[in-house]
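To start, the structure under review is shown below, and the notes come after it.
Just so it is clear, none of the values below were taken in a lab; they were calculated from the coordinates. For clarity, every value in this text was computed on a predicted model and none was experimentally measured. Glycine also receives a Cβ, built like all others from the backbone with ideal geometry; neighbour counts cover every protein chain displayed.
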Amino acid sequence: METNRIPLDLSEKERAEMERLMAFTGIKTESEFVSNAQAMFRWAAMELLQGHKIGSIDDSGKWKPLDIPALQSFHEFGLEHVLPTPEELRERSHQPTRKLQELLAESTNREMSSDERSGTKLESSRV
């Protein structure tokens, strides 16, 4: 498998927090940390795309929603006009050869007028 190096610009505070989280979870390398963070972010995005809520419930039953600004944009910007509905996503996700990027591109293309569609070619990238 080909790998790519990605430079990260972290403040001293962010780096220290990452090291504490790595120690707490038993993660040995920065690469493993990023891989786990990416898996969690992917899961959260997919849950939100399916219309699910993400958060925690404490012992008293109090709900606290997940607070990740990048994921909040799914709700704040009304992406229901661009992204598939939860029902469409559930139906399409049963097609194992389809990639998320292809589904999103198809949904975006569906929203475009026929005039826009004729001059636009959507390209999907690997997730």
Note down the nm distance, to one decimal, between modelled labels 7 Å out along Cα→Cβ at Ser35 and at Leu8. 1.4
Two-site FRET efficiency, Lys53 against Glu91, from Cβ-Cβ distance with R₀ of 30 Å, rounded to 0.05: 0.90
